[in-house]
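Enquirer: Mind looking over this structure? Questions follow.
Please treat every number below as a calculation from the coordinates, not as lab data. Values in this document were obtained by computation on a predicted structure and should not be read as measured data. Reconstructed Cβ throughout: ideal geometry from the backbone, glycine too, with neighbour counts over all protein chains shown.
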Ligand code: ACO
């Protein structure tokens, strides 16, 4: 086998849709002020979905995985590798991938989680591609799934308006035709403090806050720079240029970061896949959610060249260039 290729995509949003006005009302009830206008102007977000209590990452991932398998014409029994990208796993352990495997009704194949926050999906896809090209796996399920609503501080208006819950999945199979063309991954742990959930489980208690903390402006500045760099690195590895990209599918964090990246890559706005307005930032789920949306709406067609890009806590960042 020379390549791995995406043969199906799927996604799932929990049914509870929360508009900016809904959220503003909820926050106002405990004395915190925000508005639809502020959120739209600064982020492009109009609404996000929140999972109900008791619904976990593996549940959202299961729905997305089923749809991706159906689109690929595969059943769960064909899957020989499951990688789940998540920062909001069902449990400390075992992995959400192992839990998802059982929910899919299969057993035996390798299953593990990847933790790279909002870059998790490009990390997971790169690992799956490597395992397929070395012959370790033939049919991988790669899932990004998150319930960020569980780690939001609803007393901090600068972060709680930005995130949502959801899942996206792809089936990645061994192929003689080119699929994944190049990828590029990075991390720089000195930026741990600008985006983190510092709490941890110890001695039967959670020590430190289990809620998301972010320095939005520091994240913003780093994000635009590294997203451009990583896209250029993946293009160079594949012997391609910006002009070869049909669709830019970045992590859906903030419309200003996404448009800034498209501009730096000299790409027109209509080649940018945008779902942040309806999904908010769903961390590791945002790229496969956006990809599935673009495939099902008929934008991304077989053979199109797509640049997937992630950036998030760690700091982590990376990109995957592929022929769909
Ligand atoms: N509603 C109303 N006012 C608000 C809100 C809110 N929800 N949040 C902040 N404000 C106020 C602030 O208090 C501040 O008021 P002040 O001037 O009186 O002090 C004012 O708005 C401006 O705040 P800033 O933080 O300077 O606003 P900024 O323009 O930087 O936008 C934002 C903030 C949207 C968070 C921006 O910095 C950003 O998008 N950063 C990137 C964050 C991101 O995308 N993170 C995720 C990427 S990685 C990952 O996905 C995990």
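Enquirer: Out of the DSSP beta bridges found with both residues in the chain, what percent are antiparallel (nearest 5)?
Expert: Working: 41 of 57 bridges.
The antiparallel fraction comes to roughly 70 percent.
Enquirer: Rounded to two decimals, what is the ratio between the C-alpha radius of gyration of region 40-113 and 2.2 N^0.38 Å? Show your work: numbers first, answer last.
Expert: Numbers: Rg = 14.6 Å, N = 74, 2.2 N^0.38 = 11.3 Å.
Cα Rg divided by the expected 2.2 N^0.38 Å: 1.29.
Enquirer: Further question: Please list 294-305, 201-212 highest first by mean number of surrounding beta-carbon atoms within 10 Å per residue. Each step should come with its number before you reach the end.
Expert: Numbers: 294-305: 14.8, 201-212: 11.3.
Packing order, densest peptide first, comes out as 294-305, 201-212.
Enquirer: Return the Rg/Rh ratio of the chain with Cα-based radii and a Kirkwood Rh. Before the final figure, lay out each step's value.
Expert: Numbers: Rg = 18.5 Å, Rh = 19.4 Å.
Radius of gyration relative to Kirkwood radius: 0.95.
Enquirer: Based on the Cα coordinates of region 127-168, what is the per residue volume of their convex hull in Å³?
Expert: Numbers: hull volume 3.5 nm³, N = 42.
Each residue corresponds to 82 Å³ of Cα convex hull volume.
Enquirer: Highest first, please rank the peptides 107-120, 264-277 by the mean number of other Cβ atoms sitting within 10 Å of their residues.
Expert: Numbers: 107-120: 21.8, 264-277: 17.0.
Sorting 107-120, 264-277 by mean packing, highest first, produces 107-120, 264-277.
Enquirer: Let me ask something additional. Would any residue of region 260-274 have its amide N under 15 Å from a label point 7 Å out along Cα→Cβ of residue 220? List them or say none.
Expert: 260-261
Enquirer: Rounded to whole Å and sorted largest first, list the principal axis extents of the Cα atoms in region 5-61.
Expert: In descending order, the Cα extents are 46, 29, 13 Å.
Enquirer: Where does the Debye-calculated log10 I(q)/I(0) of region 12-171 sit at q = 0.10, 0.16, 0.19, 0.20 Å⁻¹, using only Cα point scatterers of equal weight, no solvent?
Expert: These q points yield log10 I(q)/I(0) values of -0.41, -0.86, -1.09, -1.17.
Enquirer: For region 148-290, take N as its residue count and report Rg(C-alpha) divided by 2.2 N^0.38 Å.
Expert: Working: Rg = 17.3 Å, N = 143, 2.2 N^0.38 = 14.5 Å.
Normalised Cα radius of gyration, region 148-290: 1.19.
Enquirer: While we're here: Send over the semi-axes of region 91-143's equivalent ellipsoid, whole angstrom and largest first, taken as the square roots of 5 times the C-alpha gyration tensor eigenvalues.
Expert: Details: eigenvalues 65, 53, 13 Å².
Over the Cα atoms of region 91-143, the ellipsoid semi-axes are 18, 16, 8 Å.
Enquirer: Could you work out the relative contact order of the chain, using alpha carbon pairs under 8 angstrom and six or more residues apart, expressed as a whole percent? Let's see the in-between values first.
Expert: Details: 825 pairs, mean separation 83.8, N = 324.
Relative contact order here is 26 percent.
Enquirer: Right, something else. Could you sort the peptides 48-57, 78-87, 149-158, 164-173 by per-residue average Cβ neighbour count (10 Å cutoff), highest mean leading?
Expert: Values: 48-57: 18.9, 78-87: 25.5, 149-158: 16.5, 164-173: 30.7.
Descending packing order for the listed peptides: 164-173, 78-87, 48-57, 149-158.
Enquirer: Let me ask another. Hey, what's the Kirkwood Rh for region 132-203 if you take every pair of different alpha carbons, in angstrom?
Expert: Values: mean 1/r = 0.0609 Å⁻¹.
With all distinct Cα pairs of region 132-203 included, I get 16.4 Å.
Enquirer: Let me have the 222 nm mean residue ellipticity of the chain computed from DSSP H runs of 4+ only, each contributing -39500 (n - 2.57), with the sum over all residues rounded to the nearest 500. All intermediate terms of the calculation are to be shown ahead of the outcome.
Expert: Values: 10 runs with 107 residues, N = 324.
After summing the helix terms and dividing by the residues of the chain, the value is -10000 deg cm²/dmol.
Enquirer: Over all directions, the average projected area of the alpha-carbon convex hull for region 206-324 comes to how many nm²?
Expert: Numbers: hull surface 32.1 nm².
Projected over every direction and averaged, the Cα hull of region 206-324 covers 8.0 nm².
Enquirer: Once each part is reduced to its C-alpha centroid, what is the distance from region 4-45 to region 152-179 in angstrom?
Expert: Going from one Cα centre to the other spans 13 Å.
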